[in-house]
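The structure under discussion appears below in the form of C-alpha cells.
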C-alpha cells in the first residue's frame, strides 16, 4: 500500500477552487484568465523595476551590456 502525502493547498489555490466551483460561461473563464495574467505580469514588472532601480540600470547601460556579447 502506497501512502501519498500531499502538501496543503495554498491560499491562492483555495480561493481559485472556490471561484471555479461555480459553472461559469467560457467567456467569463477567459476574462478571469486574462485578469490573472495581467495581475501576475504587473507584479513581475514591479519586481523588475525595483531591481532595475537598485542596480542603477539605464537604457544606455543595457545597450552597452548587450553590445558586449
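Read-outs throughout are calculated quantities, based only on the coordinates presented, and are distinct from any laboratory measurement. All values reported here derive from a predicted model rather than from experimental measurement.
P(r) for the chain, from all Cα pairs and a bin width of 10 Å, is 15, 25, 23, 19, 16, 3, 0 %, short bins first.
On a 0 to 90° scale, report how tilted helix 26-55 is relative to the longest principal axis of the chain, with both axes built from alpha carbons and the result rounded to the nearest 10. Result, in degrees: 30. For the chain, the longest principal axis of the alpha carbon atoms and the long axis of helix 11-20 meet at an angle near 60°.
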